[in-house]
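Quick one: structure below, then a few questions.
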Amino acid sequence: MILRIDVGKVSSWKDFHDLFARELGFPELYGRNMDAWIDCMTSLDDPEYGLTATHVEPGKTVTLYIENAAKLKSAQPQIWDALTECSTFVNLSRIDVDLPPVLSLAFQI
C-alpha cells in the first residue's frame, strides 16, 4: 500500500500531527506527540488496536510517499529528523519482538 502524504504545508508540530491524524485516521485519543505517532504506526497491520483507520495485511508494509520532502527537511529539520528516525524505530521495535517491518518511506530530496 502506498499513501501519499504532502508535507509541503507543515510549518509546525501541530501541522504535522494534524496531517498524519487526518491521513491515517488516528483516533480522537491520539496524543499528538512522537511517542503516540509511533504507537499508531506500529499497529498498521492490526486493526484490533484501533489506532489507525488505515490498515495493511500482516506481513505487508505501508509506504509513505512523502511529497515536498525537501521543503520539510529545509524548513523544519527537527520534524524531518523525527519523521525519519521514528519510522525506523517503528520497524526496529517490531523486529525486536519477531514481527516484520510495517512501514517504509519514499521521497525525493
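The values are calculated or read from the model by the stated rules, or taken from the named source; none is laboratory data. This is a predicted model, so every value here is computed, not measured. In this analysis, Cβ positions are derived from the backbone assuming ideal geometry, glycine residues included, and neighbour counts consider all displayed protein chains. Just so you know, the surface numbers come from the protein's heavy atoms only, side chains and all, with ligands and any DNA or RNA stripped out. Shrake-Rupley method; radii C 1.70, N 1.55, O 1.52, S 1.80 Å.
Which net charge results for the neighbourhood of residue 54, defined as the other residues with beta-carbon distances under 15 angstrom from its beta-carbon, given Lys and Arg at +1 and Asp and Glu at -1?
-3
Here is a further query. To the nearest 0.05, how large is the calculated FRET efficiency for residue 71 and residue 104 if R₀ is 25 Å and r is the Cβ-Cβ distance?
0.75
In Å and whole numbers, how far do the C-alpha atoms of the chain stretch along each principal axis, longest first?
The Cα atoms of the chain stretch 36, 28, 22 Å along the principal axes, largest first.
Taking K and R as +1 and D and E as -1, what net charge do the other residues with C-beta under 12 Å from the C-beta of residue 75 add up to?
Charge balance in the 12 Å sphere: +2.
Could you please state how large a percent of the accessible area of segment 17-100 is carbon and sulfur, counting protein chains only and using a 1.4 Å probe?
50
Which listed residue (29, 58, 77) has the Cα farthest towards the positive end of the charge dipole for segment 14-109, taking +1 on Lys and Arg C-beta and -1 on Asp and Glu C-beta about the Cα centre?
77
Give the calculated FRET efficiency between residue 97 and residue 13 to the nearest 0.05, with a Förster radius of 25 Å applied to their Cβ-Cβ distance.
FRET efficiency, residue 97 to residue 13: 0.30.
Separate question: Add -39500 (n - 2.57) for each DSSP H run of 4 or more in the chain, then divide by its residues: what number comes out at 222 nm, to the nearest 500 deg cm²/dmol?
Helix contribution divided over all residues of the chain: -13500 deg cm²/dmol.
Based on the mean of other Cβ atoms within 10 Å per residue, sort peptides 40-47, 18-25 so the most packed one is first.
My ranking of the peptides, most packed first, is 40-47, 18-25.
Separation between the residue 6 and residue 49 pseudo-spin-labels, each 7 Å from Cα along Cα→Cβ, expressed in nm?
Result for the modelled spin labels: 2.9 nm.
By a straight-distance test (C-alpha under 13 Å), which aspartates and glutamates pair with residue 60 as possible cross-link partners, with residues fewer than eight away in the same chain excluded?
45, 46
Here's another thing I want to ask about it. How large is ³J(HN,Hα), in whole Hz, for each residue of segment 52-68 in order, when computed from phi with the Karplus curve 6.51 cos²θ - 1.76 cosθ + 1.60 and θ = phi - 60°, using x for Gly and Pro?
8, 8, 8, 9, 10, 4, x, x, 9, 10, 9, 9, 8, 8, 8, 7, 6
Which far-off residues, 5 or more places away or on another chain, put their amide H under 5 Å from the one on residue 67, with H placed in the peptide plane?
Those qualifying (amide H under 5 Å, at least 5 residues apart or on another chain) are 5, 6, 7.
Once each part is reduced to its C-alpha centroid, what is the distance from segment 1-31 to segment 46-109 in angstrom?
That distance is 12 Å.
If you add up the charges near residue 100, with Lys and Arg at +1 and Asp and Glu at -1, over every other residue whose beta carbon is less than 13 angstrom from its beta carbon, what do you get?
So the surrounding residues net to -3.
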